[in-house]
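In what follows, a single structure is set out as structure tokens and then discussed.
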Amino acid sequence: MEKYKKGNFKGKINSSGQIALDTYKLEIISDLQGAKPGQFISVLCPEKTFRRPFSISNFDSKKHLLTILFKLKGDGTNYLKNLKKGDDIEFSAPLGNGFELLNKNSLLVGAGIGIAPMLFLKKELDSNNIKNYLMGGFKSKEEVIEGSDETVIGGSVLDNIEKIIDEKQIEIIYSCGPLIVLKLLSQIAKKKNIPSYLAMERVMACSLGVCRGCVIKLLKNNEEQNASVCKDGPVFLGSEIIWN
């Protein structure tokens with residue numbers, strides 16, 4: 001398993017702009033050496049106590065170019081929205097544990113802004129010649145983020161998921177999105193007897209596993225355990241998550 005050195009980095013904004021309704025893309029040039037799909041960065045926002053976490057949606061190792069996508073939610077994302085080309089930015093990276101690339105026919109499911117790490121994962125699977133199919137789900141056409149093989153607008157991204165699993169002979173599922181989507185997807189994966197790896201979304205304060213504010217419960221080896229999404233995840237095996 002390839003690992004990259006974690007640390008604090010100072011970078012420059014390479015480009016920024018709106019890509020969908022209340023959704024923005026930010027490209028950062030820095031000395032970061034690499035990252036895995038599913039990992040995230042934690043951005044320092046001036047005058048804010050805690051950094052803000054964002055999934056990595058792409059990393060170009062040749063250009064040292066890091067990309068994040070984000071939806072406007074508050075002061076932190078408004079700060080990022082107003083950054084321009086050439087502006088300075090400080091962040092910690094790469095944080096968390098990402099997806100493992102397994103040579104299996106893969107189904108990727110991204111709901112809403114959860115599509116961000118799925119785009120990165122799809123790129124890596126494609127570059128390793130691993131067959132995959134990416135489904136993106138969005139509430140409206142105005143919110144659609146491009147890059148999926150199939151896009152579901154308005155309805156549930158899971159409506160026809162079992163049919164797709166059968167038709168495409170899916171062997172493994174990867175996903176990121178709202179809790180209800182991940183919960184239902186883990187149940188479908190269990191029914192189909194295939195593994196699911198899910199990137200959990202939680203409010204993170206420290207992003208380092210210290211504050212324990214993003215703890216979830218897992219069942220491993222018949223024992224209930226606590227796990228921090230930011231440090232032990234954000235990617236977990238769906239069959240091990242205890243859903244409340």
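Go through the residues of the stretch 121-133 one by one and say whether even a single one is at pLDDT 95 or above, over 13 Å from the mean Cα position of the chain (by Cα) and of a type in the set (A, V, I, L, M, F, W, C). Yes, the stretch 121-133 contains a residue that is at pLDDT 95 or above, over 13 Å from the mean Cα position of the chain (by Cα) and of a type in the set (A, V, I, L, M, F, W, C). One residue stands out among those in the stretch 81-99 that are crowded, with 21+ Cβ neighbours inside 10 Å and in contact with a Leu (Cβ under 8 Å, 6 or more places away or on another chain): the one that is nearest to Glu124 (Cα to Cα), which is Phe99.
Every residue, every condition in (1) under 27 Å from Asp232 (Cα atoms); (2) modelled with pLDDT under 95; (3) exposed (fewer than 14 other Cβ atoms within 10 Å of the Cβ), yes or no:
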residue: Glu2; (1), (2), (3): yes, yes, yes
residue: Lys36; (1), (2), (3): yes, no, no
residue: Lys62; (1), (2), (3): no, yes, yes
residue: Leu66; (1), (2), (3): yes, no, no
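Just so you know, in the stretch 100-110 the residues that are crowded, with 18+ Cβ neighbours inside 10 Å and closer than 19 Å to Gln39 by Cβ include one that is modelled with the lowest pLDDT, and it is Leu101. Please verify whether Ile172 is surrounded by fewer than 18 Cβ atoms within 10 Å (Cβ to Cβ), closer than 24 Å to Gly98 by Cβ, out of contact with any helix residue (DSSP H, G or I) (no Cβ under 6 Å at 6 or more places or on another chain) and assigned by TED's automatic domain parsing to the domain that holds Pro117, treating the condition exactly as stated. Answer is no for this residue.
Counting only residues that are part of a loop (DSSP other than H, G, I, E, B) and closer than 15 Å to Asn97 by Cα, the stretch 222-244 holds 5 of them. Looking at the stretch 1-105, the strands (runs of 3 or more DSSP E) lying wholly inside it that each contain 1 or more residues that are out of contact with any helix residue (DSSP H, G or I) (no Cβ under 9 Å at 6 or more places or on another chain) and under 26 Å from Pro195 (Cβ atoms) sit at 52-60, 88-95.
Restrict the check to the stretch 92-112 and report whether at least one residue is in contact (Cβ under 8 Å) with a residue 24 or more places away in the chain, more than 30 Å from Ala189 (Cα to Cα) and not polar (S, T, N, Q). Outline the logic, then answer.
Our first condition is that a residue be in contact (Cβ under 8 Å) with a residue 24 or more places away in the chain; within the stretch 92-112, this holds for 92-112.
After this cut, where a residue has to be more than 30 Å from Ala189 (Cα to Cα) as well, the list is 92-93.
Those still in the list that are not polar (S, T, N, Q) too: 93.
So far as the stretch 92-112 goes, yes, one or more of its residues are in contact (Cβ under 8 Å) with a residue 24 or more places away in the chain, more than 30 Å from Ala189 (Cα to Cα) and not polar (S, T, N, Q).
The values are calculated or read from the model by the stated rules, or taken from the named source; none is laboratory data. Since the structure is predicted, the reported quantities are computational estimates derived from the model, not experimental observations. Note: ideal-geometry Cβ built from the backbone for every residue, glycine included; neighbour counts use all protein chains shown.
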